[in-house]
Amino acid sequence: MLEGVNSRLSSMSSSAGDREPGIPLDDVKEDFGGPSCSADHNRHDVVICSGNSEVKSRAVVKYSAAPPPATYALLQEKTDLKLPPANWLRENPQLGAAGTTVLGSSSKSKPFSSFGMAYDFIDCIGDDVDVVSDSENIKKLLKIPYSKSHVSMAVHRVGRTLLLDELDIQELFRRSSQTGDWTWLKDFYQRLIDQKWQRKKKSKEHWYQKAILSKFLYYSINGDGAAEPVSDMNEGEEENGAEEYSSSWPTTFTSATSDAEEPDASKQESVYVESKFALDPVMSVPKEQNLPTLFNEGENSQGLRNDFVRNIMWTFEDIHMLVGSNMPIFGGGRYPAVSLRLRDNNKPINILTGIDYWLDNLMCNVPELVMCFHVNGIVQKYEMIKTEDIPHLENSTFSTRVVKDIAQNILSFLKSNCTKEGHTYWLFKASGSDIVKLYDLTTLCEEAEEEKYQNPFTLPVAVLLYKVASNLMLKARQNRKHNGTIRTLLLNCIKLLDQERHPQIIASAHYMLSELFQLDEPPEEDGGESLRAGGSEDSYSDEEEEEDLTEDDENDSYSNRTRPQDDSKAVAVIRSVGELSVPEKYKSTYQIRPSSAFPVSQDKEERCRHVLSYVLKGLKAVDGSIKKESDLPSADPNTPIPLKYEDAGANGASAPEKGISLLLERVGPVQSDQKHPTRSGMIPGSWQHRMKLQLFLKASKAYYVLSDAATNLLKYGRALRYIKLSLQCYDAYCSVSGALHPQVLQFHSQCLSLCGDIQLMLAQNANNRAAYLEEYSYQTKEDQELLHSLHRESSCQAFSMATDLAMDPEYQLFVSSRCYEAAYELLVSEALKDQTSDQLSQVLKRLGNIRNEMGVYYMNQAAAMQAEKEAKKSVSTAEQELWKKSFAFFEKGMQDFEAIGDSTNTALLLCNTGRLMRICAQAHCTVSTNDSRGEFSPEEALYYNKAIDYYLRAMKALGSRESHSAVWDSVNWELSTTYFTLATLLQDYAPLSRKAQEQIEREVTEAMMKSLKYCDLQTESARQPLYQYRAATIHHRLASMYHSCFRNQVGDEHLRKQHRSLAELHYSKAVSLFLSLKDAPCELLRTLLERVAFAEFTMAGQSSSVAKLKSLTGAIDIMTETRHAFQLISKELQEESWDAPAAESADSPDVASGSMSGLDLQEVIKLISVFEPSFSFLLLQVIKLMTTTKRKPSNKDEEMLKAYKNVYSKLLRAEKNAPLLSRIELYIELLQQLTTQTGSDGTGANKS
């Protein structure tokens, strides 16, 4: 194991040399195991046994400025140590800086030494380490029960870490007369603790012993060259080494690492904050603002620098300590590492000295002690003692287990009572006293009504809290459980600082606080637990009222109940130092508190409000510092300020294009010669400039998220207000930024895209305009203050056109379109062309959509104009302009969707263009002089055919129904409708003046059959009944047309037969479809009556009585099928309880108005007026034929004749003025009789 110590110590310099040649050894920091504080694989454990009990100790050197231990010089007997060696007080890396290091004691107390170590090993602070301190302070604490000397230490808490520093009361009070810093403490000390205080001077003997020890160490450096001075080169290197720990304040987001460890990281001013839209690195704390400006020279000389020869991670039992030690370590003896001690032979080693030596060796992992004895400065002899034997030396025997108990009790006592981060606690034991008291100096300072800067620890503590938070911010990117901790650290840091004196740290802290809130992702489902401060025994709290422990929670031995009257100011008291030796006498009672949890809200708006609150505070801090430095008047929010570029809202329609081109000009690297101050007086490159950029961008993003959330809630007025604020923040960002980073432009395109969405929604929801206006006009005080800060840099009018709440839907659609176009221009610009295409496809989809909306808007305008205009022949210019606009937008929209391969939306736009063509066709409808519809014009045919082309293109774009069934069905329906309309108009308003009858009939048939082709009768859908009705209507119309052709055709018998068979076919199909519909009785009745008329016409051309009889019975069979139509009509009449006298004609108001729901009474009465005479005629004719026939009738014929006569008789005797329902029921009864008698049934049923 000891060989391992040697190899480790020797490897320290070699590894440093290998990694970074040319760096002096005392500049190199060694941290075995990387940046982590726990490097198990490099740890060398020393286990010290005492009796039957065991004390565990292990030490890992984190950093050493000393060279490998050189062999100590064994001084000759009788050497006179009173004579100085030649090299005395010369700088030597073995001993540290001359005059400052004598066995760990420095010539001046260092009230901030633990802060220097904490700054350098920031990764360990707050969680991994229990105590950070000078080794001398650790030893002094552990010797309290054995020593009568006074103890005075400052204690600070950061997370679970305690920082301990010597608080030299005498030195501070001496200086208080010069600086006035500690006058209140001096008064307090004299009043409560030591009323007869006077400064005690150290004896001459003390200084004599210090000097003789110093000379001994210099003699021991090496034998031959003891009197040799250190070379000039080494001196120069030492000076360089000192500069390494210069007074600059390296409080960036990186932890303090050496060049040797991370050469790149140390050269960076800061670490880029991984904010989605962050541009410049956050220079969180000023590099130029160095310590001399923050602390006075006296404090600075004592030190926020880590100037220990070595820093050690020492684990003593379960206590983890980061210790600074200056103890010289030499080689030689039986072991490669030893410590040297000088002892007066006449004075035996006492227990205090033994504990001192033992702890020093444990902390530095030194296995052996070499003791040189002298008498009056004359060397007598050397003695070697193993470290584990030190507790058993004569006159200095002590129990290592008791020392361990003392350490655990003191740590528990401090942790239980030093609970408030940012507070300075004072641990004090008077000389010769057994009572140890703990005071909260911060609270005492406040009670004394002194400024917080009367406490010189305030700033170092604040900086440490800030640095720990900065370091955790990096970890928080991967694990958000640190967020609660970071928030508490930063809030406590801000609480300690004065905005007037340290605006930069305050601004940066507020920015970091705003960064903690995740705006672009929802909180985790177990959010509460995952964001807590972690499961350590100690946690953070920023609520003072929750931090105070209740009396019941504290240990009785130092609770408020047992304090004497004069200790009322003490936080806690140890009644007797003897208690510290009792195992587990004190236990830490400082538990995890609910306030340590990070405030996670499911409400996105609340999170954004937190962010904006912190941003505003940060901006106020920056503005305050600018005002102080430049004395510029603040901007009036109501007064426009001219920008470096023109306002985009000044030039109407061309504004977005102009604004975008100006933005794109500024993409690229920051101009190095950009030194012109901004309007508020900021110098580009200054911390104020960088911080404002970050804060403006963060505010812009928060408002964007608020706007997005409001849009999802359909609060479009509020959404527009928020996006306006977001773009105003962005405008202010642009006005102070030298160049625009691609990520910022990408975010800007998102803002413009959202603005386009909102304007589109406002245009589509014009009915709620009053409510939206009220939402848009509302403004919180916080928003007003933030705007005030923005106006210091910019007029914030660049995007006013895009964010104004207009009253005109057309203008809103236009603005929306412009926003999308501007977003698209940004994304295809040179700066962003290599970025991911997801956002581009989204913007193209929105562009296609808004162009479709604008096309539909102008198309509806044209349709409305067409409906309102008076009947005239020509189409107005205004209509044509609307068509052109609509068509142009549809075309552009199709290009956008085609660019991203969106076939579904392309098909929808083609469908809309088809609808536009149909509107154009309707506008070209000719009107004759008597205001009746004229012939079907060629222009109508042209536009209907164009519409058909667009619908066919839409179907081709979709490919098949599987791609998008709803759109496919919609296009299919529109295509069928267009063919049907074209055929109907051709049939009803035939252009006989231009075309032959036969040609028109062919065109009608072709169009009807195509319409029929797209009637989807198989697919079950909401449109299926409509398709059935249309198919039935098409068959009915075709049958009527062939019926007409058959009647009018003369000569060509073959053609007549063809027309007759086609008419029969289509009548049959039409009847079948109307029967299946169950809700078209009038259409069914009309078709059947036409079919009867067709049979009658066929019969008229027959001469044979047998043929005539056959035709008549066939016609009667068709007539009996009307029973189904009458049954449906009867059912509807009964449901409506309609009882209209038969005498009522179509002129009757009730009938004319068609007040029956779903049933056209006028049409029913008209059809009945055709049905009655036709039915009567058929019955009469068949009776005549059957009675005049020459051949003998069969029994069946006689029965049928009888039935016909019976029905005819009832029909003639029917009451002509009977109610409509009664008449229809009579028809049903008569038709039923005929069906039963003749065995015919429209549905194909057999005779019952």
Item to check | Filtered residue count, region 893-908, keeping only those that are under 16 Å from residue 965 (Cα atoms) and either in a helix (DSSP H, G or I) or not acidic (Asp, Glu) (or both) | outcome: 6
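Residue-by-condition table, conditions (1) at pLDDT below 75; (2) farther than 29 Å from residue 625 by Cα; (3) open to solvent by less than 10 Å² (accessible area, probe 1.4 Å):
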| residue | (1), (2), (3) |
| --- | --- |
| 480 | yes, yes, no |
| 498 | no, no, no |
| 514 | no, no, yes |
| 526 | yes, yes, no |
| 529 | yes, yes, no |
| 543 | yes, no, no |
Checklist entry - For residue 1161, are the conditions met, namely being buried (at least 18 other Cβ atoms within 10 Å of the Cβ), in contact with a helix residue (DSSP H, G or I) (Cβ under 7 Å, 6 or more places away or on another chain) and at pLDDT below 85? => result yes
Next on the checklist: Can you find a residue that is of a type in the set (Gly, Ala, Ser) and open to solvent by 50 Å² or more (accessible area, probe 1.4 Å) anywhere in region 1027-1038?
Outcome noted: no
Next on the checklist: Out of everything in region 146-183 that is more than 18 Å from residue 439 (Cα to Cα) and part of a helix (DSSP H, G or I), what residue ends up being modelled with the highest pLDDT?
Outcome noted: 146
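Conditions tested, residue by residue: (1) modelled with pLDDT of 90 or more; (2) closer than 30 Å to residue 501 by Cβ.
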{"position": "301", "(1), (2)": "no, yes"}
{"position": "312", "(1), (2)": "yes, no"}
{"position": "317", "(1), (2)": "no, no"}
{"position": "330", "(1), (2)": "no, no"}
{"position": "335", "(1), (2)": "no, no"}
{"position": "360", "(1), (2)": "yes, no"}
{"position": "365", "(1), (2)": "no, no"}
Next on the checklist: Conditions first: (1) touching a helix residue (DSSP H, G or I) at 6+ places or on another chain (Cβ under 8 Å); (2) without any contact (Cβ under 8 Å) to a residue 24 or more places away in the chain. Residue 991 passes all but one, so which condition is the exception?
Outcome noted: (2)
Checklist entry - Considering region 861-886 alone, what residues qualify as being open to solvent by 70 Å² or more (accessible area, probe 1.4 Å) and assigned to a helix (DSSP H, G or I)? => result 861, 867, 868, 877, 880, 881, 884, 885
Checklist entry - Take the residues of region 1177-1214 that are exposed (fewer than 14 other Cβ atoms within 10 Å of the Cβ), of a type outside the set (Lys, Arg) and within 14 Å of residue 1230 (Cα to Cα): which is nearest to the chain's Cα centre (by Cα)? => result 1212
Checklist entry - Say we look at region 333-373 and pick out the residues that are open to solvent by less than 10 Å² (accessible area, probe 1.4 Å) and among the polar types (S, T, N, Q); which of these is nearest to residue 141 (Cα to Cα)? => result 361
Next on the checklist: Among the residues that make up region 378-392, is at least one of them open to solvent by 30 Å² or more (accessible area, probe 1.4 Å), among the charged types (D, E, K, R), in contact (Cβ under 8 Å) with a residue 40 or more places away in the chain and in a loop (DSSP other than H, G, I, E, B)?
Outcome noted: no
Item to check | Test set (1) exposed (fewer than 13 other Cβ atoms within 10 Å of the Cβ); (2) under 22 Å from residue 997 (Cβ atoms) - residue 966 fails condition number | outcome: (2)
Item to check | From 801, 761, residue being in a helix (DSSP H, G or I), touching a helix residue (DSSP H, G or I) at 6+ places or on another chain (Cβ under 6 Å), at pLDDT below 85 and not β-branched (Val, Ile, Thr) | outcome: 801
Checklist entry - Is it fair to say residue 841 is farther than 30 Å from residue 916 by Cα, hydroxyl-bearing (Ser, Thr, Tyr), modelled with pLDDT of 85 or more and in a helix (DSSP H, G or I)? => result no
Next on the checklist: Against the condition under 30 Å from residue 959 (Cβ atoms) and either of a type in the set (Lys, Arg) or part of a helix (DSSP H, G or I) (or both), how does residue 833 come out, does it pass?
Outcome noted: no
Checklist entry - Any residue at all in region 1082-1092 that is open to solvent by less than 70 Å² (accessible area, probe 1.4 Å), at pLDDT below 80 and not small (Gly, Ala, Ser)? => result no
Checklist entry - Which of the residues spanning region 768-798 are in a loop (DSSP other than H, G, I, E, B), open to solvent by less than 50 Å² (accessible area, probe 1.4 Å) and over 10 Å from residue 725 (Cα atoms)? => result 780, 792, 793, 794, 795, 798
Item to check | Residue list for region 1117-1154, restricted to those being closer than 17 Å to residue 1223 by Cα, open to solvent by 50 Å² or more (accessible area, probe 1.4 Å) and modelled with pLDDT of 55 or more | outcome: 1127, 1131, 1134, 1135, 1136, 1137
Checklist entry - Within the bounds of region 974-988, is there any residue that is more than 26 Å from residue 1045 (Cβ to Cβ), at pLDDT 85 or above and open to solvent by less than 30 Å² (accessible area, probe 1.4 Å)? => result yes
Checklist entry - Taking into account only those residues within region 1194-1219 that are of a type in the set (Lys, Arg) and free of Cβ contacts under 8 Å to residues at least 40 places away in the same chain, which is nearest to residue 1178 (Cα to Cα)? => result 1205
Checklist entry - Which of the residues spanning region 393-410 are touching a residue at least 60 places away in the same chain (Cβ under 8 Å) and crowded, with 17+ Cβ neighbours inside 10 Å? => result 398, 400, 401, 402, 403, 404, 405, 406, 407, 408, 409, 410
Item to check | Cross-chain or 6+ apart pairs with Cβ under 8 Å, region 159-175 first and closer than 30 Å to residue 483 by Cβ and of a type in the set (Gly, Ala, Ser), then open to solvent by 50 Å² or more (accessible area, probe 1.4 Å) and outside any helix (DSSP H, G or I) | outcome: 159/127
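The values are calculated or read from the model by the stated rules, or taken from the named source; none is laboratory data. Since the structure is predicted, the reported quantities are computational estimates derived from the model, not experimental observations. Cβ sites come from the backbone with ideal geometry, for glycine too, and all protein chains shown count toward neighbours. All accessible areas refer to the heavy atoms of the entire protein, side chains included, with ligands and DNA or RNA removed. Shrake-Rupley method; radii C 1.70, N 1.55, O 1.52, S 1.80 Å.
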